[in-house]
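First the structure, in the form of structure tokens, and then the observations on it.
Please treat every number below as a calculation from the coordinates, not as lab data. Please read these numbers as outputs of a predicted model, since none were measured by experiment. Reconstructed Cβ throughout: ideal geometry from the backbone, glycine too, with neighbour counts over all protein chains shown.
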There are 2 protein chains.
Amino acid sequence: MRRAYLTGFTGSAGTAVVTKDKAALWTDGRYFLQAEKELTHEWTLMRSGNHGVPTTSEWLNDVLPSGCRVGIDPFLFSFDAAEELKDSISNKNHELVLVRGMNLVDEIWGDARPEPPKEPTRVHDIKYAGIDVPSKLSFIRSHLTENGCDAVVISMLDEVAWLLNMRGSDVPHSPVFYSYLIVEVSTATLFVDSNKVSEDVLEHLEKAGVKLKPYEAIVSEVERLAEKGAKLWLDSSSVNAAIITAFKSSCDKHMKKKGKAGEKVEKEAYSDEPTGVENGALNAVYNVSPVTLAKSVKNEAEIEGMKNSHLRDAAALAEFWCWLEDEVCKSVPLTEVQVAEKLLEFRKKQDGFIETSFDTISGYGANGAVIHYRPTPEDCSSVGSDNLFLLDSGAQYIDGTTDITRTVHFGEPSPRQKECFTRVLQGHIALDQAVFPERTPGFVLDVLARSSLWKIGLDYRHGTGHGVGAALNVHEGPQSISYRYGNLTALQKGMIVSNEPGYYEDNSFGIRIENLLLIKELNLANSFGGISYLGFERLTFVPIQSKLIDVSLLSPSEINWVNDYHEEVWDKVSPLLSGDTRDWLWKNTRPILDVTHRYSHAQDIA
Amino acid sequence: MRRAYLTGFTGSAGTAVVTKDKAALWTDGRYFLQAEKELTHEWTLMRSGNHGVPTTSEWLNDVLPSGCRVGIDPFLFSFDAAEELKDSISNKNHELVLVRGMNLVDEIWGDARPEPPKEPTRVHDIKYAGIDVPSKLSFIRSHLTENGCDAVVISMLDEVAWLLNMRGSDVPHSPVFYSYLIVEVSTATLFVDSNKVSEDVLEHLEKAGVKLKPYEAIVSEVERLAEKGAKLWLDSSSVNAAIITAFKSSCDKHMKKKGKAGEKVEKEAYSDEPTGVENGALNAVYNVSPVTLAKSVKNEAEIEGMKNSHLRDAAALAEFWCWLEDEVCKSVPLTEVQVAEKLLEFRKKQDGFIETSFDTISGYGANGAVIHYRPTPEDCSSVGSDNLFLLDSGAQYIDGTTDITRTVHFGEPSPRQKECFTRVLQGHIALDQAVFPERTPGFVLDVLARSSLWKIGLDYRHGTGHGVGAALNVHEGPQSISYRYGNLTALQKGMIVSNEPGYYEDNSFGIRIENLLLIKELNLANSFGGISYLGFERLTFVPIQSKLIDVSLLSPSEINWVNDYHEEVWDKVSPLLSGDTRDWLWKNTRPILDVTHRYSHAQDIA
């Protein structure tokens, strides 16, 4: 919001940099057009990722005379990000200054600046959370002790929400609340605006031995821990620079008082690193948060909630698709935004619905080829029957989080569209059906989703799968399924991932087929190497449009997959439907080809 | 040979370490039994890879009192390997000493030590080499200039042979000769025993401007280059420690003479690194040899030679398999070694045959499950009709190098064997049929060869593909197809790789199906991203035993693959055969199922 206030650019991603005589805004390909419209001439638009466009630090090194001071708000940068910026601008002898106690944008904004969100928090019922807070805390504490740590600072909002079985609504689409959490070996403190905490939430926290402190008290508390000589577990990729540098500098002061430090004069400047790092090394373990993996491996109650919420979501989607097909066939004019709004109405009728889990991507024709397309009421297409319609949407329910993409055609798809759709479907099936040994990182499986497209020289420029939270963020780590082979996190039993290959023909159409999958251990006839073999269980049950499938491209096992999936969709979702929608589901889950018949005959020939 | 002389252990891989009161030999799983037999009680056998077995440096750190001196022959360690050893033993303050001018084993061996091989070298005909030596040298020289280097030291024997279009026979199975090569911007020098160089080879070298120097002169020549102030390109992963340290220390002396060095006293010890490294950094570029990639990407003549030699090899194999099937059916007793010898006889009859390209792996029944099994006449099985027989073999021809594995059963395979064989075949087909964008590293494709086995909880503990030289080493880099994701080398047009998935049931049977594949650019209907898409062309044409295939597990496209492959085998190889062998080939290349018929009927049903 500060960036939008300062620059006029309202896109969701970007970085604004202001020098004494220049102002530049970096954003990515999704927002080039929007930024061109919204930025005034005082701003230079930096098209990130385009050839020859410098990074923010390259630009700073270029436009500033050597030896300048560059300020950031240290609460808005992770420690690692600040370090990286510091290192890269040090090439031109610039100094990174952490501007504490004020934010320059807020100074200008003044009283007109909106208040921070003050939405109430709520208890996430144990029947959905599965594990109570004391058990989760003692799990974290056992990790602390194993690593010789006295406390951990948790600043990822979904990790705080997961660990405390709490939810909030400070952030659109994500049921989290602004907070920090410090877990010590015998206590735990939640840093949050107490106005957000009702009586029953307070009781819930007290029962688990969690105390409250004001949100702003986090830094002083970390300094107090440093003074006590506590050893902290810090995930420097997520904990902000303000907290970690405050801890380091406080350790430093403490050491000096105890006469252990060297002769270096104490400074507030960030570049005073040698001492800080030294003490940091003694008093902190820099490691990925102990909550990250625990949160991504779902327990039975979380899995149950995910399954149930997916069925209700499927019912809403069946009603929606039945309605939309009817409207489009009657040539009722409907924009992409109106369609998304109607989908929201259907979802709102489902028990436990809270909100959408991300901005709905409702893209007709060429708009479907814009991977992160977000239609706006002023400037969006109508949904017709001449081209493909891609709809990627999801919801937050009390018991789970959904994320589904379907691509349909309400008229006659071209052979090209059918071929591309079928290739995407083959990739979707190949990943869905994959079996793999434990300890396999997600990137190993990515090729399964791409190889059918590769065979005709096609591909897509995004990953194939992301982690999904249980009644939490729709994107969560640490696992992923991607062609980028940097993420070595093994796929583990209980994790949830999306399966979403696609194909995008610029200025023409977009295709994506997305289900969510639960990773489960398989009971196979063999287990070579004495290890577990894992596979997927589908959570999403919405028909895949048969009209778009070129059956002649499919193998019998792929045809069986489609038939079996549709049979499963019918069995699970039809009991939740009535009337027209039930009829629609029946029609849309008929077998695409009777493979059994074909097979038995082939055997006769053989 | 020195290791065998010293220890009595005759396996092909191992490391012997001797202290004042202890002697230990490290070898891997292939040789545990053999080493147990061959080592006397004075030697401790270290089973590398077994849990709790220390590495050589861990052992040295354990058994030696702190601060010892550990000697190695620096001609027998790459610089990188010596550095690694030096670093790890420095933990206990041991010093690594490069023992120059003598080898301790040779000192004991004395006059009884055999002479080094003195086999003659020969010119590798331009019709097989494709590119003449001056062109290859100027390619290397352009790389030198681009990198600001004056010379490159090439010590990989296959790189010297490739660059100079020469072949030799100093090393069993590999047509290389002991040598070093230094390419400078205007000259090139081959360091080789001049007795190995006949008149016509000499003429060949002279025409290309390549001078001869004695093999032993390599170190003094490198020192001379250092004195001249030349900047060297050194591949420290392959160039030995003797050469690189000689260069560094010579640079050091030279700098001092010119008054540029510090006050450090000159030392011969290897630990005198700081100065050396500094000058090394100034006077050398440490990078993978410029020959490595050039050699692995085959030119048209090399590809032609590979194709031709593979057809002759296929003819020999058809004769062999026809003969063996007949003998086994007549219950003629034949050992694994006798079978391998007979195969050699058939190959010897082919034009341009030189030798086998590796020790034939001829494994019947449980022996087939030993991945690097090498039968010995004294101790090997008979080949019968009660179990699977795995035969992995290859040949060096004047125009190419082959490597093929087939697994057969001369009686009735069990359903289990058929299931496993069919799963291996499905992996083989999936990799064979893969299409992938340029810049794809081999490990991305590895999963394609494994996923059919994973589906039933099976796997194999070796990589899926290695590079193969053209009339050169049967194993060459830099590319590979493996589950280990460390090798980021992209698969490139013109490279050759093996496709050899397998399955090994301990104490029971082994299965491997191996063809060689040429990577080629495909001309597809699309090229998303404006890049090339690559695929494979088969080089190996020997039937895959239909009896072992469970057709009910195959998809129509897999059935088509088998039928098409066998049709191609018949078309290409039958013209080279006559009589019984031709009949055998006909019988063994019949379609396994008429899929066209099946498919057309299925379409009718649809």
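List the pair-distance distribution P(r) of the protein assembly as shown, using every Cα-Cα distance, as the percent of pairs falling in each 20 Å bin from 0 up to the bin containing the longest distance, rounded to whole percents. Values per bin, smallest distances first: 9, 31, 36, 21, 2, 0. With a ≥ b ≥ c taken as the square roots of the eigenvalues of the C-alpha gyration tensor of region B:455-577, please select rounded if a/c is under 1.5 and otherwise prolate if a/b is larger than b/c or oblate if it is not? It comes out rounded by the Cα gyration axes.
Max-minus-min Cα coordinates of chain B on each principal axis give 90, 58, 49 Å, with the largest extent listed first. Determine the shape class of region B:8-137: with a ≥ b ≥ c the square roots of the Cα gyration tensor eigenvalues, call it rounded for a/c under 1.5, and otherwise prolate if a/b is greater than b/c, oblate otherwise. The shape class here is prolate.
Axis of helix B:336-348 versus longest Cα principal axis of chain B: the two differ by about 90°, to the nearest ten degrees.
For B:Lys86, the lysines whose Cα comes closer than 18 Å to its Cα, not counting residues fewer than 8 places off in the same chain, are B:Lys248, B:Lys267. Taking the label point 7 Å along Cα→Cβ, A:Tyr286 and its counterparts in the other copies are spaced 2.5 nm apart, in ascending order. Sparse packing (at most 12 other Cβ atoms within 10 Å of the Cβ) combined with a DSSP loop state is found for the following trypsin sites (Lys or Arg not before Pro) in region B:96-197: B:Lys118. Under the shape rule built on the C-alpha gyration tensor, where the axes satisfy a ≥ b ≥ c, region A:1-52 is oblate, since a/c reaches at least 1.5 while a/b does not exceed b/c. When chain A is turned onto chain B, its residue with the beta carbon nearest the axis, and that distance in whole angstrom, is A:Ser555, 2.
Less than 5 angstrom separates the built amide H of B:Val70 from those of B:Glu95, B:Leu96, B:Val97, all sequence-distant by 5 or more or on a different chain.
The separation of region B:79-118 from region B:136-166, counted between C-alpha centres, amounts to 28 Å.
Counting from the shortest, the label point at B:Pro65, 7 Å from Cα toward Cβ, is 6.6 nm from the same position in each remaining copy. A Stokes-Einstein calculation at 4 °C with viscosity 1.567 mPa s, built on the Kirkwood radius of region B:304-360 over Cα pairs, returns a diffusion coefficient of 107 µm²/s. Shape descriptor for region B:317-439: Rg over Rh equals 1.01 (Cα atoms; Rh from the Kirkwood inverse mean 1/r). Sorted from closest to farthest, the other copies place their B:Asp564 label points 2.6 nm away, with each point set 7 Å from Cα along Cα→Cβ.
Computed from backbone phi, the HN-Hα couplings of region B:58-69 come to 4, 5, 4, 4, 7, 8, 8, x, 3, x, 8, 10 Hz, rounded to whole numbers (Karplus: 6.51 cos²θ - 1.76 cosθ + 1.60, θ = phi - 60°; Gly and Pro given as x). Each pair of Cα atoms in region A:355-511 enters the Kirkwood radius, and Stokes-Einstein at 20 °C and 1.002 mPa s then converts it into a translational diffusion coefficient of 130 µm²/s.
Per residue, the average separation of C-alpha pairs within less than 8 Å and at least 6 apart gives chain B a relative contact order of 10 percent. Helix B:241-257 and the longest principal axis of the C-alpha atoms of chain B enclose an angle of approximately 30°.
In chain A, the longest principal axis of the Cα atoms and the axis of helix A:415-432 are about 60 degrees apart. Charges were assigned to the Cβ only: +1 to each Lys and Arg, -1 to each Asp and Glu. The resulting dipole of chain B about its Cα centre is roughly 960 debye. The charge dipole of region B:463-606, taken about the Cα centre with unit charges on the Cβ atoms of Lys, Arg (+1) and Asp, Glu (-1), comes to about 220 debye, rounded to the nearest 20. For region A:1-116, a simple Cβ point-charge model (Lys and Arg +1, Asp and Glu -1, everything else neutral) yields a dipole of about 160 debye relative to the Cα centre.
Using just its DSSP H runs of length 4 or more, each adding -39500 (n - 2.57), the protein assembly as shown gives a mean residue ellipticity at 222 nm of -11500 deg cm²/dmol after division by all residues.
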